[in-house]
Amino acid sequence: MRRLFFQKPNATVITAIMTGQTPESLIGQSRGAEFDGADAIAVDLCDLRPEFRNRESLERVINAVNLPFMFYFYRNDRHKIANDDESRQGLLLAAAEAGGGMIDVMGDLYDPSPNEITRNPAAIAKQKQLIAKIHEIGAQVVMSSHPNKAMSAEAILEQLRAFEQRGVDVVKIVTTADTDEEFTETVRATMLLHRELKTPFIHLCNGRFGRLHRYLGLKLGVSITFAVHNFEADIGFTQPSVRSMKSVAEIIPWHIGTFCN
């Protein structure tokens, strides 16, 4: 069964991020995250063993919980099989056909580029064809980028506006905030995106202020954010937990889109 994102208006979708080698591993993590109160699941397919890289296995995972699923597969296949951009899309399309609610299309797919955004017309045309195919299946599309560096609010806005023009449902960027000045600029960028973008957006950052910004993003208009059910080495230890994100969302009675006191 396909479940889509954004069923609750004016609320950030707290999404449990995970990876696993088997459907059983992903099912166990998904059920734990659902029990924690996650609104959705995001699965990194890089670790899934080759024998489970098929529609049937992914259907088992998707049908194990009552949450929408996002799937992504970047340039990091741990089994060294899907070593080019073209080969990874077959598994992502299988995830969409299995009932995935959202599929991640990299901003520099088909043309690895600085800041993970291609400006190559041929690559962009291929991206648009893929996006149309995913939409035809019935899934949503997020276009993602991970510059993993400090950027000005205006540069972030320009990049995500370029993604908007490619026909996606959500736009995403991950930057870095290690200094006071970078953190202040990151918050300014989030508020600028909320004011200027027409498309739901994901704005996250790594670095010293990364976790704090993710908590603030819940209240500043970020459409989807990520957290973990358990802290595992495969995902890293910098993500907030689902439980802590839910607590912040519930304890602070304010959102940039409302007039709450």
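Laboratory data are not the source of any read-out in this text; all were calculated from the coordinates shown. The model shown is predicted, which means the values in this text are computed figures rather than measured ones. Note that each Cβ is placed from the backbone with ideal geometry, even for glycine, and that neighbours are counted across all protein chains shown.
Observations, loosely collected:
- Spin-label pair residue 208-residue 188: with each label point 7 Å from Cα along the Cα-Cβ axis, the two points sit 1.8 nm from one another.
- By the count of neighbouring beta-carbon atoms within 10 Å, fewest first, 35, 71 end up ordered 35, 71.
- Simple spin-label estimate for residue 231 and residue 21 gives 2.4 nm between the two label positions (7 Å along the Cα-to-Cβ direction from each Cα).
- Signed unit charges on C-beta, dipole axis of the chain, positive-most listed residue 179, 46, 135: 135
- Extension gain (nm, one decimal) between residue 80 and residue 181, 0.36 nm per residue minus Cα-Cα: 32.4 nm
- Estimated at 0.36 nm per residue, the fully extended path between residue 11 and residue 244 surpasses their Cα-Cα distance by 82.3 nm.
- Partner aspartates and glutamates for residue 8 [C-alpha distance under 14 Å; skip if fewer than 8 residues away on the same chain]: 39
- Packing here is the average count of other Cβ atoms within 10 Å per residue, and on that basis the peptides 169-180, 144-155, highest first, run 169-180, 144-155.
- Considering only 186, 238, 19, the mean-square fluctuation computed in a Gaussian network model of the chain, springs between alpha carbons under 10 angstrom, is largest for 238.
- In this simple spin-label approximation, residue 256 and residue 148 carry label points 7 Å from Cα along the Cα→Cβ vector, and these lie 2.6 nm apart.
- Between segment 83-129 and segment 32-73, the Cα center-to-center distance that results, in Å: 19 Å
- Gyration tensor (alpha-carbon) shape descriptor, segment 13-251, a/c threshold 1.5: oblate
- Flagged links, alpha-carbon separation over 28 Å, of 133/172; 126/219; 126/198: 126/219
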